[in-house]
Structures are given as C-alpha cells and as structure tokens.
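Some notes on the structure that comes next.
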Amino acid sequence: MTRFTFRTTWLSGLLAMGLAASTMAQTLDIAQAREMDLDGLRGLGPATTQRILQERERQPFKDWKDLMQRTPGIGPKKAAQLSEQGLRVQGLPYPPPAKH
C-alpha cells in the first residue's frame, strides 16, 4: 500500500464515520420542533407545518398514530418519509418498535 493510497483510504473512512454520526445525531422531536425545523423537512409544505404547530399547541402528539389522525396529508407513507429524515414523535421513529 502506497502512502497516497493509505491516506486516501484513511480519509475516506474518517469521512464515512463522520457522515454516519451526523445522520444518527440529527433527530428532531415534534414536541420541540420549530417552524423552520419542520419547513426544512422534505415533504412538508407551509400549510402542513402550520397545521402541525397548531395541533401541537392545542395538545401534544401522543404518538405517530395521533399525529397522522390530527394532521391531514400525513399518512403512513409520509410518516415513514419524515421519520427517515429524523423526525420523532415522543422520541420514537415511525413505525414505532413492536411491543412484545
């Protein structure tokens, strides 16, 4: 292994670890999300963001099912898409882990 190859491999590994860590660290719980946070998620427009904030003000979301029932336009497919981007409800991704 040449010095250049070692350095390139080492830097690639370091970059991959950094990207993985940043992806895992970027979660957003709907209970604390600001308008600008929600607007930054792919698939949420201004109207849906406002509806989420209004509903959350009225009463906190209990779980993903509650969010989907109270927010028109968010169904299972959209919930999965938002969860993949780091959105959490009560700290849980969608779909929530199965209970045993």
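Within segment 58-79, can one find any residue that is under 12 Å from the mean Cα position of the chain (by Cα) and modelled with pLDDT of 95 or more? Spell out how you get there, then give the answer.
Step one: filter segment 58-79 for residues under 12 Å from the mean Cα position of the chain (by Cα), giving 78-79.
From what is left, the residues that are modelled with pLDDT of 95 or more are 78-79.
Taking every residue of segment 58-79 in turn, at least one turns out to be under 12 Å from the mean Cα position of the chain (by Cα) and modelled with pLDDT of 95 or more.
Condition first: assigned to a loop (DSSP other than H, G, I, E, B) and surrounded by fewer than 17 Cβ atoms within 10 Å (Cβ to Cβ). Now tell me which residues in segment 24-40 satisfy that.
Residues of segment 24-40 assigned to a loop (DSSP other than H, G, I, E, B): 26-27, 30-34, 40.
Gln26, Thr27, Ala31, Gln32, Arg34, Gly40, listed by residue number.
Of the numbered conditions (1) surrounded by 11 or more Cβ atoms within 10 Å (Cβ to Cβ); (2) modelled with pLDDT under 95, Trp10 satisfies every one except a single condition; which is it?
(1)
Within segment 85-99, can you find the residues that are of a type outside the set (Gly, Ala, Ser) and over 18 Å from Thr49 (Cβ atoms)? Show your work before the answer.
Taking segment 85-99 first, the residues of a type outside the set (Gly, Ala, Ser) are 85, 87-90, 92-97, 99.
Listed by number, the residues that qualify are Gln90, Leu92, Pro93, Pro95, Pro96, Pro97, Lys99.
Quick check, is Gly43 of a type in the set (Gly, Ala, Ser), under 12 Å from the mean Cα position of the chain (by Cα) and at positive phi?
So Gly43 fits the description; yes.
Which ones in segment 42-64 are touching a strand residue (DSSP E or B) at 6+ places or on another chain (Cβ under 9 Å) and surrounded by fewer than 16 Cβ atoms within 10 Å (Cβ to Cβ)?
Lys62, Asp63
The values are calculated or read from the model by the stated rules, or taken from the named source; none is laboratory data. Just so it is clear, the model here is predicted, and its values are computed rather than measured. Every residue, glycine among them, receives a Cβ derived from its backbone with ideal geometry; neighbour counts consider all protein chains shown.
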